[in-house]
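To keep things clear, I will list the structure first and then write my remarks on it.
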Amino acid sequence: MKRLLVSFICLVLLLATLVPNLSAQERHRHRSRFGRKARTAAIVGGGALVGGLIGGGKGAAIGAGGSSLYAFNRKAARRHFKPRTRTAGTVAGGALLGGGIGGAVGHGRGAAVGALVGAGGGALYRHKQRRSSYCRTHRC
């Protein structure tokens, strides 16, 4: 009787260790609650909201600008946005960020200069992001 009980327990333990391996064969794609572009909008809106709560109007511009620079240059945005859209978003985000910082430092004229410098910086950043001709044909 003891031998039968021990063999039954060993069999149950053996089968229990096989169960997780069998379920690993099924692969499910994780579905996000957000759409492809809604996540980018949520990132930008969240940055504007947090910046607005911390620093008022200029803080909202700084938060929206910084978060849009991040949102349009992350890996998922590279897959789901056209390059022209990403360039426009990066330049607009740089202008917002520069305008917010310039407005906080130098009021009206500082905001205008900051927006121009920020837009130029965003355009330069996107231009330098382009891959070289070697990387287009080879794996870099």
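Rule-based calculations on the coordinates, nothing more; no lab input. Owing to the predicted nature of the structure, the values given are computational and were not obtained by experimental measurement. Glycine also receives a Cβ, built like all others from the backbone with ideal geometry; neighbour counts cover every protein chain displayed.
Name the residues whose placed amide hydrogens come within less than 5 Å of the amide hydrogen of residue 72, ignoring near sequence neighbours (fewer than 5 apart) on the same chain.
none
Within 15 Å, Cβ to Cβ, of residue 47, how many net charges do the neighbouring residues add up to if Lys/Arg are +1 and Asp/Glu are -1?
Summing Lys/Arg as +1 and Asp/Glu as -1 gives +3.
Given Cα pairs under 8 Å that are at least 6 residues apart, what percent is the relative contact order of the range 34-137?
Relative contact order, the range 34-137: 21 percent.
Stretched out fully, how many nm does the piece from residue 7 to residue 31 gain, at 0.36 nm a residue minus the Cα gap?
Using 0.36 nm per residue and subtracting the Cα-Cα distance, I get 4.3 nm.
For each of 7, 68, count neighbouring Cβ atoms within 10 Å of the residue's Cβ, then give the residues from fewest to most.
7, 68
From the phi of every residue in the range 86-96, what ³J(HN,Hα) in whole Hz does the Karplus formula 6.51 cos²θ - 1.76 cosθ + 1.60 yield, where θ is phi - 60° and glycine or proline is x?
Along the range 86-96, the couplings run 5, 5, 5, x, 5, 5, 5, x, x, 5, 5 Hz.
Say R0 is 30 Å: what FRET efficiency, to the nearest 0.05, do residue 107 and residue 70 get from their beta-carbon distance?
The formula returns an efficiency of 0.65 here.
When the gyration tensor of the range 34-137 is built from Cα positions, what are the square roots of 5 times its three eigenvalues, in whole Å, from largest to smallest?
26, 18, 7
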